[in-house]
Every structure is written in structure tokens, then in C-alpha cells.
Amino acid sequence: MAFVIQKADGRFEIRESVLVPRKKHPVSRTLAGFKNVLTMEVLSAAEAKASAAFSPEAVIESARKRGARIAFSHSARAFLEDLRRGVEIDPICLELIRRELLNFPTTPIPPEIDDVGDWIGRPTSDHGSALVELLELADTIQDSRPSPKLPKRQPFPRFHIKPGAKLPDEAA
């Protein structure tokens with residue numbers, strides 16, 4: 001059975017208890033670690049490493065008890081994407097969802113970050129791919145422009161002291 005613990009440094013670990021044949025008591029082994037937010041990617045990685053039956057629901061509940069935040073579930077993300085795409089949803093189901101959502105606290109979203117909703121809960125690999133594409137676009141734009149004409153650099157004037165000449169401090 002998998003469970004979540006919080007370490008002294010504030011990080012969380014998903015662990016499972018395994019029975020070692022030579023020992024009389026079970027030992028725990030780490031399946032995955034995360035900081036602050038349990039994501040579906042972390043949950044999937046832990047499930048892949050688990051040697052016994054793995055219950056994502058039990059792990060999520062254990063993480064909540066320890067104070068970890070839970071990222072959007074896959075089905076919630078898919079539902080949000082359907083809503084944004086305008087997919088027709090059963091009105092009765094939609095009303096039931098609306099009523100349930102009224103029980104949750106909300107935070108207003110500033111208009112300037114409203115588009116960020118498309119990225120919430122997406123894997124970090126998607127964020128990285130988008131950043132790489134953006135940087136490649138910036139390089140393409142930069143390469144398409146002629147290089148700026150910089151003014152000819154003036155050489156720094158050289159100082160020349162004649163042999164035997166007195167420096168200003170020595171004149172007095």
C-alpha cells in the first residue's frame with residue numbers, strides 16, 4: 001500500500017511498504033518525490049515503480065492529509081478543455097457540476113493572465129517545448145534582420161609622457 005510522508009525539508013515522498021523476506025517487519029521504499037504539489041506525472045511515475053497494488057485515490061487522500069496541494073486531475077483538465085472548445089455538454093450534468101463548484105472557494109483571475117488557464121496542469125514537457133519554440137522564433141526573427149550599423153569605435157587616446165617630464169604632482 002502506497003502512502004505519502006512529509007520530510008523535514010518540506011518535500012513530500014510517495015512510499016510503499018514492502019515485506020523483505022529476511023526481516024520480520026515491513027520496510028518502506030520511495031516511489032517518487034515532489035515539492036508542494038502532487039501532479040499526475042508524479043503519481044504516474046510512482047505507480048510505474050510500485051511493486052504492489054497501487055491506489056491513486058488513496059495516495060491523493062494521504063497527500064491531502066499531509067498538507068500537499070493536488071494538481072488538476074486528468075479528467076478535470078479534459079473537461080476544462082472541452083468547455084473552452086465549446087463541446088456540447090448535457091445541461092443537467094452541467095447544472096450539477098455548477099452547484100458542486102459553489103462549495104469551493106474561488107480566487108478572481110486577473111484578465112492579463114486569463115490565457116494561463118490553458119497551461120494549468122499541463123506537463124512540464126509541454127511548457128519546455130513551448131519555450132523552445134518561442135526561443136527558435138526569436139532566433140529566426142533576429143536572423144532575418146540586418147545587423148545593426150554600429151558607429152566606428154574611436155580608439156582610446158594614448159598617453160605619452162616625454163622622458164624627464166614632471167608629472168603634475170611633482171610640479172609643486
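Remark on the stretch 2-70: Rg and Dmax equal 11.9, 37 Å (Cα only). Restricting the calculation to Cα atoms, the stretch 67-130 shows an Rg/Rh of 0.99 when the hydrodynamic-style radius is the Kirkwood one. The charge dipole of the chain, taken about its Cα centre with unit charges on the Cβ of Lys, Arg, Asp and Glu (plus for the first two, minus for the last two), comes to roughly 1240 debye.
How much length is gained if the chain between residue 147 and residue 96 is pulled fully straight, taking 0.36 nm per residue apart and subtracting their Cα-Cα distance, in nm to one decimal?
Between residue 147 and residue 96, full extension yields an extra 12.4 nm.
Distant-in-sequence amide contacts of residue 55, defined by a placed amide H-H separation under 5 Å and a gap of 5 or more residues or a different chain, comprise 2. Only lysines eight or more places from residue 7 in sequence, or on another chain, were considered; those with a Cα closer than 27 Å are 23, 24, 35, 49, 65. Binning all Cα-Cα separations of the chain at 5 Å, short to long from zero, yields these whole-percent fractions: 1, 6, 9, 11, 11, 10, 9, 7, 5, 4, 4, 4, 3, 3, 3, 3, 3, 2, 1, 0, 0.
Where a number appears in this text, it was derived from the coordinates with a stated rule and is not lab data. All values reported here derive from a predicted model rather than from experimental measurement. Backbone-built Cβ (ideal geometry, glycine too); neighbour counts: all protein chains shown.
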